[in-house]
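The next block holds one structure in the form of structure tokens; read it before the comments.
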Amino acid sequence: MTHLSLFGTLFRYFAIRFVGWVALCVFGLSMIVSLIQTVELIRRVSVQTDSTNKINVINMALLNLPSVIETILPFATLAGAMMCFAAWNRSNEFVVVRGFGQSVWSALAPSLVSALAIGVLFITVINPIGAVTSKRYESQIAALFGESENNFSVSSNGVWLRDTLDHGKLIIHGEGLNPDTASILNPSIYLYDNNIHLKAAYHASMMQLTDKGWLVENAIKWQNDGQETELGNIMLQTGLGSLDLRQSGQPPKSISIYQLPNFIGALERAGIPTTDYQFHLYKLLSLPLLLAGIAMLAARITLRNVSRGRPMWLFTRGAFLSVFIFIFSYFMQVMGTALQLPIVLAALAPAIAVVLIGAITLARTDES
């Protein structure tokens with residue numbers, strides 16, 4: 001049984017079997033979820049416009065596919081692992097391997113390494129692709145239903161905000177943003193007309209979004225001819241509400257894992273809360289560990305405790321385990337984003353808990 005060593009013949013055989021079952025479940029679940037989302041999208045469009053000619057539903061489904069895979073990957077891994085191990089039970093492959101004196105860890109090493117590799121593949125390849133497609137998907141949804149697109153961005157030298165008016169727009173650049181008071185520090189404001197011609201430019205110590213518009217403090221105005229005028233405190237028209245300013249910005253899933261650390265740093269320098277982005281980053285990094293832990297739990301409840309001829313009992317256990325992982329992950333997300341727990345702990349806790357439980361139960365199996 002030396003071929004069960006890392007990347008030996010048997011190792012590759014069991015690893016390919018495991019990856020094949022997981023890939024099949026990822027494909028099946030993603031198609032089901034995408035179909036449901038597509039039907040709902042068609043319904044929303046038909047209710048609003050009485051026509052579906054304005055959208056390409058296949059293109060929309062493909063754009064949202066990486067986001068769907070991110071959502072269903074842990075559950076697809078659980079389903080694929082259980083189906084794979086159930087097949088090993090029926091063919092007695094696992095029993096034969098164990099009969100040659102291999103420990104449960106050696107027998108399951110191909111599956112655990114494959115689960116880790118699937119997680120690494122997702123965060124290094126699929127996640128960056130999904131970040132690009134997610135932006136395009138959200139942009140098309142906003143254009144289709146008339147929702148406001150992202151009007152806020154962060155760069156290394158501050159924040160940028162676009163405020164669309166009835167007869168023009170404001171482009172605002174500031175050193176920092178306080179979303180709690182809806183205020184921008186040291187802003188430079190550029191006023192354009194509908195023809196995108198610069199009408200005037202302002203600089204101020206601070207501007208705050210109020211119910212009546214932008215309250216600009218200590219404003220200085222520059223005309224196109226270079227004339228400078230001190231205006232003091234003035235009001236400028238706005239097309240935003242305070243909620244728009246507080247919720248503007250890119251959602252975490254639309255930012256690649258390679259860009260997230262720098263983006264978080266830029267947000268912190270601008271004084272913008274980064275809780276959601278940090279949680280998303282640590283959650284992505286813990287994904288390989290979570291998938292390996294799920295493979296351990298799937299092995300424990302499939303290889304030893306499920307009798308042949310009782311597929312419904314296997315399905316029930318899998319469903320219960322899926323619900324437990326989902327509820328615990330959601331609970332930790334709520335605790336982390338509410339700052340009741342450290343962000344790192346809240347993001348890593350589901351993966352660590354699943355791995356510890358799986359390792360402990362498998363160790364007890366190996367002793368018996």
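Annotations for the structure displayed:
- Top-ranked residue in segment 21-35 [being under 11 Å from residue 79 (Cβ atoms) and touching a helix residue (DSSP H, G or I) at 6+ places or on another chain (Cβ under 6 Å); ranked as surrounded by the most Cβ atoms within 10 Å (Cβ to Cβ)]: 22
- Matching residues in segment 313-333 - criterion: being among the hydroxyl-bearing types (Ser, Thr, Tyr) and either in contact with a Cys (Cβ under 7 Å, 6 or more places away or on another chain) or modelled with pLDDT of 85 or more (or both): 329, 330
- Condition check for residue 85: part of a helix (DSSP H, G or I) and either of a type in the set (Asp, Glu) or at pLDDT 90 or above (or both): no
- Residue match in segment 45-58 (condition: within 24 Å of the chain's Cα centre (by Cα), at pLDDT below 90 and assigned to a helix (DSSP H, G or I)): yes
- Screening residue 344 against (1) surrounded by fewer than 19 Cβ atoms within 10 Å (Cβ to Cβ); (2) among the β-branched types (Val, Ile, Thr); (3) at pLDDT 90 or above; (4) within 22 Å of residue 112 (Cβ to Cβ) leaves a single unmet condition, (4).
The values are calculated or read from the model by the stated rules, or taken from the named source; none is laboratory data. Given the structure is predicted, the values throughout are model-derived calculations rather than measurements. Note that we place each Cβ from the backbone using ideal geometry, even for glycine, and neighbour counts take in every protein chain shown.
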